[in-house]
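Reading through the structure tokens given below for one structure.
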Amino acid sequence: RYTLSNTLGQGGMATVYGGFDTLLEVDRAVKVLSPAFCRSEKLRKRFLAEARAMAKLRHTNIVTVFDVGVEDDTPYIVMEMVKGGAVIDLMERDGMLPADIAGPIMLGALAGLQASHDRGVVHRDIKPANIFYDADRDVFLLIDFGLIKETQSADQTVVAGTLVYMP
């Protein structure tokens with residue numbers, strides 16, 4: 001049902017591809033768990049937990065999840081295609097962002113965080129690489145809920161995230 005094309009990004013546990021939903025005839029982003037991690041039942045469960053948590057979240061400032069599945073023992077998550085880029089790319093290209101650009105980015109990220117917290121989902125990895133903007137740079141979206149903690153979860157993990165961005 002999904003045809004994959006170019007690689008959009010690669011993280012620690014997964015790769016995100018540009019994709020096309022052949023049934024609905026729309027572009028999507030498809031996050032695929034890396035083969036090295038597919039053998040770990042714990043990591044497969046964590047990947048599925050990310051998909052379930054994100055699927056609960058419907059907000060302008062959070063990437064929408066449309067589907068999840070397993071193909072050839074490889075889990076994947078199908079998400080909204082964001083035709084813009086990551087805030088980290090803006091920062092690497094332009095350096096320190098002026099207030100008129102940084103302000104809307106932060107307001108969008110904070111609105112997404114508030115919405116996720118209202119649904120009992122704590123992101124735990126907020127950083128410029130996990131905030132995307134649309135093609136017009138007027139909507140900023142949170143992505144990558146791979147380190148989420150659901151507040152009703154029994155998981156007692158205390159530390160998670162990217163070290164240089166942790167409070």
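No lab work stands behind these numbers, since they all come straight from the coordinates. None of these values were measured; they are calculated from a predicted model. Heads up, the Cβs are rebuilt from the backbone with ideal geometry, glycines too, and the neighbour counts pull from every protein chain shown.
Remarks
- Residue-count net charge about residue 24 - beta-carbon cut-off 13 Å; Lys, Arg +1, Asp, Glu -1: -3
- Scaled to the globular estimate 2.2 N^0.38 Å, the Cα spread of the stretch 11-155, given as radius of gyration, is 1.06.
- Relative contact order %, the chain, counting alpha carbon pairs below 8 Å whose residues are six or more apart: 19
- Alpha-carbon spread of the stretch 29-84, three principal axes, descending order, Å: 34, 21, 15
- The stretch 99-139: Cα Rg divided by the 2.2 N^0.38 Å rule of thumb: 1.20
- Max mean-square fluctuation residue, GNM over the chain, Cα-Cα springs under 10 Å, options 91, 79, 54: 91
- Separation of the residue 40 and residue 25 label points, Cα + 7 Å toward Cβ, nm: 4.2
- For the chain, modelled as a GNM whose springs connect Cα atoms under 10 angstrom apart, the maximal fluctuation among 142, 43, 23 occurs at 23.
- Scanning the chain for long hydrophobic helices, with DSSP H runs required to stretch 24 angstrom or more by C-alpha along their axis and to average at least 1.6 on the Kyte-Doolittle scale, returns nothing.
- Taking the inverse of the mean reciprocal distance over all distinct Cα pairs, the Kirkwood hydrodynamic radius of the stretch 55-104 comes to 13.7 Å.
- √(5λ) per eigenvalue of the Cα gyration tensor, the stretch 62-133, largest first, Å: 26, 17, 10
- For the chain, a Gaussian network of Cα nodes joined below 10 Å ranks 121, 78, 26 by mean-square fluctuation, and the top entry is 26.
- Based on Cα contacts under 8 Å between residues 6+ apart, the stretch 1-68 shows a relative contact order of 19 percent.
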